[in-house]
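We did not get these values from a lab; they are worked out from the coordinates using the rules stated. Values in this document were obtained by computation on a predicted structure and should not be read as measured data. Positions of Cβ are generated from backbone atoms using ideal geometry, with glycine treated the same way; all protein chains shown enter the neighbour counts.
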Amino acid sequence: MAEKLSAVKGMNDIAAPESAHWEWLEAKVRALMSRYGYRNIRTPIVEPTGLFVRGLGEVTDIVEKEMYSFEDRLNGEQLTLRPEATAGVVRAAIEHNMLYDGPKRLYYMGPMFRHERPQRGRYRQFHQIGSEALGFAGPDVDAEQITLACDLWAELGLSDVTLEINSLGQPAERQLHRAALIQYLEQHQEQLDEDAKRRLYSNPLRILDTKNPAMQALVEAAPKLMDYLGAESLAHFNGLRALLDAQGIGYRINPRLVRGMDYYNLSVFEFVTTSLGSQGTVCAGGRYDGLIAQIGGKPAPAVGWALGVERILELLKAQNLLPALPVPDCYAVVPQVEAMPQVMPVLRALRAAGVSVQMHAGGADGHGSMKSQFKKADGSGARYALIFGASELEAGQVAVKPLREGAGAISEQTQFALAQVAQWAAQLRQA
């Protein structure tokens, strides 16, 4: 017997019936994005490694420790499984000159890859849904992005999702704050953990995001970036706040809110929950005005967010908001396999009329008795059994038997003519 192979640790199969919840969530997102005027973009899973090194920053945790990178054996090119999608979307926009006729609103769905220790809500292959607005400079689009996410939570029925916002200002303002922050942390080096010591000179802003309880008081007393913002940055942030206030969208200003990628500036935001333990962030984003030029395009502003699909589904499950799993309208019971040539055209006609039908199958050896077929019909969750017995077929009919009390428009076993499918199919669809 051949050796049994398993999936890579932290990279999970998503099969039925669970996959139905993914499809449901994706359909909700597509409909909402369309109402906001956002259009779908699909970029490759594999990108040049340099895209992420240049776009995310060499001293970020993602580039330093988490990327799946390898050398193409054919040409020696350094490639990486995408750890996030924004850099790829921007690369595509530059490569295809998407902004030549004006700004673009885009969204994506798909898998991302990071080499980290798998845990609940945090996997090596994980899935994101993201929204990107390229070419828009004002706080109105920052507000639109946040509003879009809020409307998604409402569409899904989610509660216990809190918005936190902050401003990272512009690079020159961050440099002034960075110098003050390093000076402050140098005076308290004995309180820094190993991770903070490693980041002290390479990426001190990330120290503010520490989850170490022993460092919370130190971080709370650290210089605030907001105190170093100039008039334009403050005006942008206050403009965002005014637009959120006008819509009644609640938020908390979190001066410690930073992002893990170097490309962010001005507005940053996160949606957090207390329902998922330590993995509390379900959606995050912000403005990244410098990234397009950083990757080689003509300078243009941009803003976006990404949500973790696995975490959203966990949150929906925790709040009992996942929909009932789909079941077929009907289950076709076919006692004699020889009847299939007569049965299958009828089932196809029913499906064409919008009726979902699961057909019993298995061939001559595995077709099953009438009793076993009815057991499977009941187990399928279908509302009706379609009985294609010898006597029914001889009369050119099918027997429709309700399997659930109050299943729908047909309340007792009824015969219908096979030649008149269009006339009775609608009754099978009625709940």
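Gap in Å between the Cα centre of the range 297-315 and the Cα centre of the range 374-431?
47 Å
In debye to the nearest 20, how big a dipole does the range 286-340 give about its Cα centre with +1 on each Lys and Arg Cβ and -1 on each Asp and Glu Cβ?
The dipole of the range 286-340 has a size of about 420 debye.
Pairs of Cα atoms under 8 Å, at least six residues apart: use those to get the relative contact order of the range 330-429, whole percent.
31 percent
For semi-axes √(5λ) of the Cα gyration tensor in Å, pick the label among (1) 54, 24, 21; (2) 39, 28, 17; (3) 39, 24, 20 that corresponds to the value derived from the coordinates.
Looking at semi-axes √(5λ) of the Cα gyration tensor in Å for this model, the match is (1).
If the chain between Tyr201 and Glu116 were fully stretched, how many nm would it gain, using 0.36 nm times the residue separation less the Cα-Cα distance?
28.2 nm
Just report the Cα centroid separation between the range 87-164 and the range 200-231, whole Å.
Each part's Cα centre sits 26 Å from the other's.
Spelling out what I want: for every residue of the range 149-156, take phi, set θ = phi - 60°, compute 6.51 cos²θ - 1.76 cosθ + 1.60 (Karplus), and round to whole Hz; glycine and proline get x.
The phi angles translate into 5, 4, 5, 5, 4, 5, 4, 7 Hz.
Rounded to the nearest 0.05, what FRET efficiency do Val8 and Asp193 have when you use their Cβ-Cβ distance and R0 = 41 Å?
0.85
Report the residue, chosen from Gln175, Gln420, Gln125, that carries the largest GNM mean-square fluctuation when the chain is represented by alpha-carbon nodes joined by springs under 10 Å.
Comparing Gln175, Gln420, Gln125 in a Gaussian network model of the chain, the most mobile one is Gln420.
Summing +1 for each Lys or Arg and -1 for each Asp or Glu, what net charge is found among the other residues whose Cβ lies under 14 Å from the Cβ of Ala352?
On the way: positive: Arg348, Arg351, Arg429; negative: Asp329.
So the surrounding residues net to +2.
For the chain, set up a GNM with springs between Cα atoms under 10 Å and report which of Ala16, Ala133, Ala417 has the largest fluctuation.
Taking springs between Cα atoms under 10 Å, the residue moving most is Ala417.
Would you mind calculating the relative contact order of the range 44-117 from Cα pairs under 8 angstrom and at least 6 residues apart, reporting the percent as a whole number?
Value for the range 44-117: 36 percent.
For the range 1-59 and the range 239-273, compute the distance between their C-alpha centroids and round to whole Å.
Here the two parts' Cα centres lie 25 Å apart.
What residues have an amide H closer than 5 Å to that of Asn265, excluding those fewer than 5 places away on the same chain, when H is modeled at 1.01 Å from N in the peptide plane?
It is Arg287, Tyr288, Asp289, by chain and number.
Report the charge-dipole magnitude of the chain in Debye, nearest 20, computed about the Cα centre from +1 at each Lys and Arg Cβ and -1 at each Asp and Glu Cβ.
500 debye
Within 14 Å, Cβ to Cβ, of Ser233, how many net charges do the neighbouring residues add up to if Lys/Arg are +1 and Asp/Glu are -1?
My count for the surroundings of Ser233 gives -1.
For the chain, what is the calculated [θ] at 222 nm in deg cm²/dmol (nearest 500), taking -39500 (n - 2.57) for each run of four or more DSSP H residues and dividing by its residue count? Could the numbers behind the result be given before it?
On the way: 15 runs with 153 residues, N = 431.
Taken over the chain, the calculation gives -10500 deg cm²/dmol.
Could you work out which residue, out of Leu205, Leu266, Leu192, moves most in a Gaussian network model of the chain, that is, has the largest mean-square fluctuation with Cα springs under 10 Å?
Most flexible of the set in this elastic network: Leu192.
With the contact rule set at Cα under 8 Å and sequence spacing of 6 or more, what percent relative contact order holds for the chain?
Taking the mean separation of contacting Cα pairs over the length of the chain, I get 15 percent.
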